[in-house]
Structures are given as structure tokens and as C-alpha cells.
Amino acid sequence: MQQSQAITRPAARILPNVVETSVKIEASGLIRPVGKHNPWASWLKAHPWVRRTIITFGFVLSVLLGVQVVVLLLAWKHVEVWVSFMRDFVTSPAMAGMAALIAAIIGARSLKRQLDQTKRQADHTQAEAVHARAMDAEASWWEKFEWVTDRILPKDPKQEKLAKPLAIGLLTSLLNMATAEFQRGAVDGVIEHYLAPENDEGQQKPGPSSKDYDAELRALRSLVDARKNSAAGSSAAEGALRASMYEQSAFDALQSVWQLGNELQFLPRLRVGERHFIPDAILNLDGRRMILEFKAWTKFQHSGADRVLDMFSRALPVVDADRIILITSAPIPPEYAPGGFRANRFENLLLVHWLPEDGSAALEDGIRRALSWSDNAK
């Protein structure tokens, strides 16, 4: 229990119960060494009166057999003959050999008992050492867990966070070092919260094709691979990897059509009052400016579209833009399509369905058609 006191706050509520339970199980004798199991020996051990009866019966039977042998020998030869034989045998070299054999047998049995006792003590000491190492490793894991979570999800908003590739790498290491399913579940809970899309709002992202961007993609791929061995089931890592790869494909497609700098700007940091907004891109097209946002959705999210509109509509005047174009991998539902009631209600939000395999020409065509429909609808 002294080791459990060194465990930090996330583990303090869990490990004492684990230690107490393991001690009770060991004391109860439910954990037995793995080896050959003899059901008769177990049954006799559980019924000591049967064992004592068998030993007593064997002793009595041995005495009776010994008496019978003596009687038969006396009936075969006269007593004086046996006395003379025993006197000659005791003084013969055979007696010395027999005595040496008996002494060797007694010594061997004594040595075997000592070796068995030493082995039992060594096994017990080794088991205690293994248990102590396991407890130390578990306590150390929880200390690392708290250190990582305090730096990627700090309680103080002024505290500087770890770089995202480093944070994801540390979470992957924790997941690989976890020895229990509840540890993996704890890491998955942190991953779910840390990689949630809303936590990226207002946070500066690395530029496309930059070293930091590539490092983040590699870290996400390693995290997804590590999660394949976890049964906890958080999908945040897969979603973040899918979103990053989709954004990279959209960045590449845009750069192949429009010139970076004058026509296209990636990840600008916009300030509106006390809040910061970082859209994925700003596009200047035919004298008009528009905010572009990419969403790698497998299914269209109505609340996500409303949140994008609500968040970036306040940033439109800052960059002198008049449209928000949401480019998504999910099919667009009818109510958001041109003429749908949501499309008419949120006229500043235009939706473009695009997949990376469609190519850059399809993305350009989708953006131009969305703008043309918006202009004709006015």
C-alpha cells in the first residue's frame, strides 16, 4: 500500500482497490502455480482424516507382514542358526556397505527437503519481486499519464500546450505502454477530447506540406495503428487523420488551380473582438473574396454546418469577404442544395461536395457553380 501512495491523482482512485483485491486473492489461495494437477492429491489434501486413516492402515499392515516374516524364518531354521548368521553378518563388509547406503539415502532425502524449501522460498521471493515491479510500473505509467494530460489539456488557459505532433506521439507511447484495458480506456478518453474538432477552433495549424504538417500526419498514423490493439473504441484518432489527409488533398488541389499569395491564402489568423478565427483558406476569385473551410465528414453534419456558418460569418467583414464555402466529402442533403430551405435561409454559406479522387478541376468547377447559383438566386 505504500507504493500506491506514490500514485498520482488519476491513479489514486483506482490502484488502491487493485492492490487490496490482489492481496485478498493471493491470501485466499485462489491463485495456484501452473503445473501438473493431480485430482487425487487435491482430494486427499482436502480430507485429512482419510489421509491419516490410510497412513495408520499402512503402518499396521507393515507390522503384521514383518511379524509373519519373522515367524516363517524361525520355523525354517533354528534360532541359534539365525543368531550365528546375524553375528557374522554384522561384522562383515556387507553390513558396512548397507550402513553407508542407508546413510546416503537419509542424506539424500534431507538434501532434497532443503532444496525444495530453498526453491519454494526463491519462488516466493521472485513472485513478490514481480508483483512489486508490476506495481511500480503501473504507478510510473499513471505519473506519465498525468504529466502528459496536464500539458496537452492544461487547466490554466495561459499555460502553453505541447506541440500537436509531440502530444500525439506521447499519447501513442502511453497507449503502447498500457498493460490494462482501463488504462487504454483512459488514454482513449483523453484522445477523444484532445482531437475533438471544436478544440482546434482558434488554434494555429501548421501550413500544408510543411514539416510540422507532415510530422502531425505521421504521428496520427502511428496513433491509429496503436489503437488497433485497443478495445476501448474511440474514433477521434481516425477522424483526425481522415480530416488532415482531406485538408492536405484540398490544399494541393487549390494550389494547382490558383496562385498562392495573391489569389489564395492558407490558414490566416483572423481576430474578431477577443476571439481568433483560423479558416482553412481565403480565395480571391473574380474580384471577390471568400472563406473556405474543409470538412472530411463521412456523413453530412447539420450542426457542423451551422457551427461553421455561425463562427465565420462574424469574420466576413474582417477580410472583406461575402461568402463562406464549406467543402465537404459527405454528400449534400437536399435542404442544403441550391433551392433548399436551408440554402435559402443561410445565403452566406455555400456547400461543395468534393472527393480527392475527383481532382482539382472538379473542385474548381464546384466552387464556380456554387458562386454562380448564389449570384443568380439574389
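The values are calculated or read from the model by the stated rules, or taken from the named source; none is laboratory data. In this text, all values refer to a predicted model and were calculated from it rather than measured experimentally. Here the Cβ positions follow ideal geometry from the backbone for every residue, glycine too, while neighbour counts run over all protein chains shown.
Given (1) at pLDDT below 85; (2) over 39 Å from the mean Cα position of the chain (by Cα), identify the lone condition not met by Pro268.
(2) is the only condition that Pro268 fails.
For the stretch 109-129, does any single residue satisfy the condition of being surrounded by 10 or more Cβ atoms within 10 Å (Cβ to Cβ), closer than 30 Å to Leu174 by Cβ and of a type in the set (A, V, I, L, M, F, W, C)?
Yes, there is a match, as at least one residue in the stretch 109-129 is surrounded by 10 or more Cβ atoms within 10 Å (Cβ to Cβ), closer than 30 Å to Leu174 by Cβ and of a type in the set (A, V, I, L, M, F, W, C).
Does any residue of the stretch 237-245 turn out to be at pLDDT below 85 and over 24 Å from Pro165 (Cβ atoms)?
no
Could you check the stretch 267-378 for strands (runs of 3 or more DSSP E) lying wholly inside it with 1 or more residues that are β-branched (Val, Ile, Thr) and over 26 Å from Asp252 (Cα atoms)?
On the way: elements: 270-272, 275-277, 281-285, 288-295, 323-328, 349-353.
Output list reads 270-272.
Taking only pairs six or more apart or across chains, which ones have beta-carbon atoms under 7 Å, a first residue in the stretch 293-320 that is farther than 17 Å from Pro356 by Cα and surrounded by fewer than 17 Cβ atoms within 10 Å (Cβ to Cβ), and a second residue that is of a type in the set (Val, Ile, Thr) and modelled with pLDDT under 85?
Partner pairs satisfying both residue conditions: Arg314/Val272; Val318/Val272.
Which of the residues that make up the stretch 217-234 are surrounded by fewer than 14 Cβ atoms within 10 Å (Cβ to Cβ) and either part of a loop (DSSP other than H, G, I, E, B) or modelled with pLDDT under 85 (or both)? Explain how you work it out, then say what you get.
Step one: filter the stretch 217-234 for residues surrounded by fewer than 14 Cβ atoms within 10 Å (Cβ to Cβ), giving 218, 225, 228-229, 231, 233.
Across the stretch 217-234, the qualifying residues are Asp225, Lys228, Asn229, Ala231, Gly233.
Report, ordered by the first and then the second residue, all pairs with beta carbons closer than 7 Å, sequence separation of six or more or different chains, a first member in the stretch 227-256 that is over 22 Å from Gln301 (Cβ atoms), and a second member that is surrounded by 19 or more Cβ atoms within 10 Å (Cβ to Cβ) and at pLDDT below 85.
Pairs found: Arg227/Ala237.
Restricting the search to the stretch 330-367, which residues are at pLDDT 90 or above and of a type in the set (Phe, Trp, Tyr)?
Trp354 - this is the single residue of the stretch 330-367 that is at pLDDT 90 or above and of a type in the set (Phe, Trp, Tyr).
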